[in-house]
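The values are calculated or read from the model by the stated rules, or taken from the named source; none is laboratory data. All values derive from a computational prediction rather than experimental measurement. Cβ coordinates were reconstructed from backbone atoms using ideal geometry, including for glycine residues, and neighbour counts include every protein chain displayed. For accessibility, only protein heavy atoms count, side chains too; no ligands or nucleic acids. Shrake-Rupley method; radii C 1.70, N 1.55, O 1.52, S 1.80 Å.
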Amino acid sequence: HDNVVRVYSAGPYGDNSIYIAMEFLAQGSASRAAAGGFVPPRHAWRLSIDMCRGLECLHQNGFVHRDVKPSNLLISDSGRGKLSDFGLVARMGAGGGASAAGYRFHLAPELLHGGASGVATDVFATGVTMYRLFNGDDLLPKYENFDELDQMILSGEYPNRELYQPFIPRRLKRAINKAMELDPSDRFSSASSLRHAVEQVR
């Protein structure tokens, strides 16, 4: 898929490890593009759409990514986003779920309660990723320890859904916040529906 990093081969490497040989993308990741701040809005908008398209491909093929974040969104020579890092990818079971896993700062609330990973948790992590792309990490709340961070995730205080850069359109804020709803049933039902909402923002 155009929005998924191409994997050339994979296999055992050394003792109890594997290698994954992927295409080289000189521009690096969206984290690098942000350079500690926010990604320029038009580019962030394009990358968000590309990220959703890549995620759609994984979900349609029965996989859950479980590690969506800016550093796992690579940028092609043409400036398009490519979803990468398949170390936590898992095949979804018959019920559409997989074992709980994810990036600590992008965990959906239900994962902190022992719930399963799935489309809804990937959508949540994608929402947090978009929040960071458009706003930069300076707007993320501070915390003292992981217990406090977990409580802020559970209460909806991390990220702060009310705090956005002043140039972010209201319609885009609503889309990102919907992706980060605490109740999975209130989120977008798929990466595709999230993408459609973002595409409508001009």
Which of (1) part of a loop (DSSP other than H, G, I, E, B); (2) over 26 Å from Q27 (Cβ atoms) is the odd one out, the single condition A120 does not satisfy?
(1)
Looking for something under 22 Å from G11 (Cβ atoms) and in a loop (DSSP other than H, G, I, E, B) - is there at least one such residue anywhere in the stretch 68-78?
no
Going through the stretch 91-112 one residue at a time, which ones are surrounded by fewer than 19 Cβ atoms within 10 Å (Cβ to Cβ) and either in contact (Cβ under 8 Å) with a residue 40 or more places away in the chain or in a helix (DSSP H, G or I) (or both)?
R104, F105, L112
Among the residues of the stretch 62-86, what is the count of those that are among the polar types (S, T, N, Q) and buried (at least 20 other Cβ atoms within 10 Å of the Cβ)?
2
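Please work out which residue is nearest to D50 (Cα to Cα), limiting yourself to the stretch 1-24 and to residues that are part of a strand (DSSP E or B) and touching a residue at least 60 places away in the same chain (Cβ under 8 Å).
Taking the stretch 1-24 and keeping what is part of a strand (DSSP E or B), we get 4, 7-12, 18-22.
Imposing the further condition that a residue be touching a residue at least 60 places away in the same chain (Cβ under 8 Å) reduces the set to 4, 7, 20, 22.
Values: V4: 9, V7: 18, I20: 22, M22: 18 Å.
Here the residue is V4.
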Find all pairs meeting these conditions: Cβ atoms under 7 angstrom apart; at least six residues apart or on different chains; first residue within the stretch 67-90 and at positive phi; second residue open to solvent by less than 20 Å² (accessible area, probe 1.4 Å).
D85/D67; D85/N72
Residue count, the stretch 25-57 (criterion: under 18 Å from S117 (Cβ atoms) and free of Cβ contacts under 8 Å to residues at least 60 places away in the same chain):
2
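Taking the condition of being open to solvent by 20 Å² or more (accessible area, probe 1.4 Å) and either part of a loop (DSSP other than H, G, I, E, B) or of a type in the set (G, A, S) (or both), how many residues in the stretch 42-61 meet it?
First pass over the stretch 42-61, keeping only residues open to solvent by 20 Å² or more (accessible area, probe 1.4 Å): 42-43, 45-46, 53, 56-57, 59-61.
Still in the list and also either part of a loop (DSSP other than H, G, I, E, B) or of a type in the set (G, A, S) (or both): 61.
Count: 1.
State all residues of the stretch 9-24 that are aromatic (F, W, Y), under 18 Å from N72 (Cα atoms) and at pLDDT below 90; if no residue qualifies, say none.
Once the filter is applied, which keeps residues that are aromatic (F, W, Y), under 18 Å from N72 (Cα atoms) and at pLDDT below 90, the stretch 9-24 yields only Y19.
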V39 passes all but one of (1) at negative phi; (2) open to solvent by 10 Å² or more (accessible area, probe 1.4 Å); (3) part of a loop (DSSP other than H, G, I, E, B); (4) not hydroxyl-bearing (S, T, Y); which number fails?
(2)
